[in-house]
1. Sort 19, 42, 58 by heavy-atom solvent-accessible area, probe 1.4 angstrom, most to least.
2. Given H placed on each backbone N at 1.01 Å, which residues far from residue 7 in sequence or on other chains put an amide H within less than 5 Å of it?
3. Considering only the other residues whose Cβ falls under 9 Å of the Cβ of residue 71, what net charge follows from Lys and Arg at +1 and Asp and Glu at -1?
4. Among all stretches of the chain without exposed GluC sites (Glu not before Pro) (DSSP loop, at most 16 other Cβ atoms within 10 Å), which one is longest?
5. Taking a ≥ b ≥ c as the square roots of the Cα gyration tensor eigenvalues, with a/c under 1.5 meaning rounded and otherwise prolate when a/b beats b/c, else oblate, which class fits segment 16-63?
6. So, in nm, how far is label residue 39 from label residue 24 when the simple model puts each one 7 Å beyond its Cα toward the Cβ?
7. I want the local charge near residue 38. Using Cβ-Cβ distances under 12 Å, sum +1 for each Lys or Arg and -1 for each Asp or Glu among the other residues.
8. Angle between the Cα long axis of helix 17-34 and the longest principal axis of the chain, 0 to 90 degrees, nearest 10?
Amino acid sequence: QPFVGREIEFRPEPLPPADIFQRVSGMALYLMQQGLVVEDGDSVGANETEIIRVRYADQGIRPGIPILSLTCETTERAV
């Protein structure tokens, strides 16, 4: 069954797998607590320099399953 009516897909990004897991699990927790309050085109991120764009799509990798597609637009990191 899709999560909150949709599954979450994180588009391939040059981030370490642990960071991707953290972003997806954080989004899942937020949606479980708040409901589907994220709008198509909104951005989320772990800090003020990270922009992860949220897009609604009718389907993702699996046909017929609506998704929230997460795409990282910035990956600036402190060194």
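The values are calculated or read from the model by the stated rules, or taken from the named source; none is laboratory data. Because the structure is predicted, anything quoted here is derived from the model rather than measured. Quick reminder, even Gly has a Cβ in these numbers, built from the backbone with ideal geometry, and neighbours come from all protein chains shown. Note: accessible area is taken over every heavy atom of the protein model, side chains too, but ligands, DNA and RNA are not part of it. Shrake-Rupley method; radii C 1.70, N 1.55, O 1.52, S 1.80 Å.
1. Details: 19 30, 42 60, 58 130 Å².
Ranked list, largest accessible area first: 58, 42, 19.
2. 67, 68
3. Values: positive: 11, 53, 55; negative: 13, 73.
Summing Lys and Arg as +1 and Asp and Glu as -1 gives +1.
4. Numbers: sites that count: 39, 48, 73, 76.
After excluding every exposed loop site, the longest remaining stretch is 1-38.
5. Details: a/c = 1.40, a/b = 1.22, b/c = 1.14.
The shape class here is rounded.
6. Rounded to a tenth, the inter-label distance reads 2.7 nm.
7. Working: positive: 6, 53, 55; negative: 39, 40, 42.
Once all neighbours under 12 Å are counted, the net charge is 0.
8. 50
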